[in-house]
Amino acid sequence: MPFRLRLARTRPAIRFLQSIALKFWALSGAYLLLCFLCYWMYGSILAFFLLCFATLGVLYNTEDRLLYYPKLPCNSRIYVPAPSLHNLPYVSIYTKSIDGITLHMFFIPQPEPIMKKAPTLLFLHGNAGNMGHRLENVKGLYNNIQCNILMIEYRGYGLSDGAPSEEGLYMDARAGIEYLYSRNDININEIIVFGRSLGGAVAIDIAMKDDISQRIWCLIVENTFTSIPDMATILIKFKILQYLPLFCYKNKFLSLNKIQSLTVPALFISGRQDKLVPPKMMDKLFEACGSSFKRKVQILDGTHNETWNKSGYYHQIATFLDEIRKSPPPRTASKPWHIDEV
């Protein structure tokens, strides 16, 4: 067949393919133009939200490092000062939390026969260092309150295994209560849960749990906060943090909400010169507390970490415990009854 005749017969097919290609190119071009216009109009907004999402993701995953400081000061994960440095008798204990994490504790007993009659205090420390850095305060409690003391080292702190987390710290405090109930040489009717700063948030959580509240005598919290989101808005000072939903926070420690369900007697010790946790947070916790027997002591010259060495500190704790012992209160909600200032 001549070439021209073959070419004439194929031209309709070529034109058909060309028309399809042109339509595809036109549609593709229109789509690309639409994408460009959308990006030009909304790209900055989309980029902003993507940046915010990425930033929140980074903050969420690094929040543990912003909250927990088990390595401060240096060597805190290696060397834990022993109570014997302060002439305190003690037993070094390793126990398991409910999820299998090995925890390190110090049990500091009163001499017999006082040990079996004395109250026993579970000491929950703050977010930095290890339990050995609180021994001067513990010595003061031991001598002035005449109580046995169990110091617990959270997971990821001192010689304990694991890494700290909100739920993990709650489990560790519970392990301390379980250990005390495993002993037959102490008065389990007078178990005190004490927490300072971050330890106060841990203490509030376990004290309001039904199964734990029936096993403890009272709660003492010192210079603690209402919640981590509240602290974030104060420390970071970004207004946008006020509008972040709770799921953006890995650690929440919602003490203000929890303390409304508290039924055990509670003592709030507030250092009014606290520059880290605003004293008004302690005021809010006290007002919201659901216990029928609650008291707030204001140490006017007390700072965040050194309220315990101010005048009147141990006397106020001893007075609180004596009042509970003499007149055990019903465990129901009521209004606050009095406030002391020192």
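The values are calculated or read from the model by the stated rules, or taken from the named source; none is laboratory data. A quick note: this is a predicted structure, and the numbers were derived from the prediction, not measured. Backbone-built Cβ (ideal geometry, glycine too); neighbour counts: all protein chains shown. Keep in mind that these areas ignore ligands, DNA and RNA; they rest on the heavy atoms of the full protein, side chains included. Shrake-Rupley method; radii C 1.70, N 1.55, O 1.52, S 1.80 Å.
Table for the structure above
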{"item": "Scan of region 130-140 for residues that are over 22 Å from Ser182 (Cβ atoms) and either surrounded by 20 or more Cβ atoms within 10 Å (Cβ to Cβ) or touching a Pro at 6+ places or on another chain (Cβ under 6 Å) (or both), ordered by number", "result": "Asn130, Gly132, Arg134, Leu135, Asn137"}
{"item": "Boolean, Asp99 is at pLDDT 95 or above, under 23 Å from Ser213 (Cβ atoms) and either more than 20 Å from the chain's Cα centre (by Cα) or not polar (S, T, N, Q) (or both)", "result": "yes"}
{"item": "Residue count for region 252-277, restricted to those that are within 16 Å of the chain's Cα centre (by Cα), surrounded by 23 or more Cβ atoms within 10 Å (Cβ to Cβ) and not in a loop (DSSP other than H, G, I, E, B)", "result": "2"}
{"item": "Only listed residue being under 17 Å from Ser227 (Cβ atoms), modelled with pLDDT of 95 or more and surrounded by fewer than 14 Cβ atoms within 10 Å (Cβ to Cβ), chosen from Lys284, Lys280", "result": "Lys280"}
{"item": "Scan of region 302-339 for residues that are charged (D, E, K, R) and modelled with pLDDT of 85 or more, ordered by number", "result": "Glu306, Lys310, Asp322, Glu323, Arg325, Lys326"}
{"item": "Enumeration of residues in region 230-247 that are open to solvent by less than 50 Å² (accessible area, probe 1.4 Å) and modelled with pLDDT under 65", "result": "Leu241"}
{"item": "Sole residue being open to solvent by 40 Å² or more (accessible area, probe 1.4 Å) and within 20 Å of the chain's Cα centre (by Cα), chosen from Asn127, Asn87, Asn75, Asn144", "result": "Asn127"}
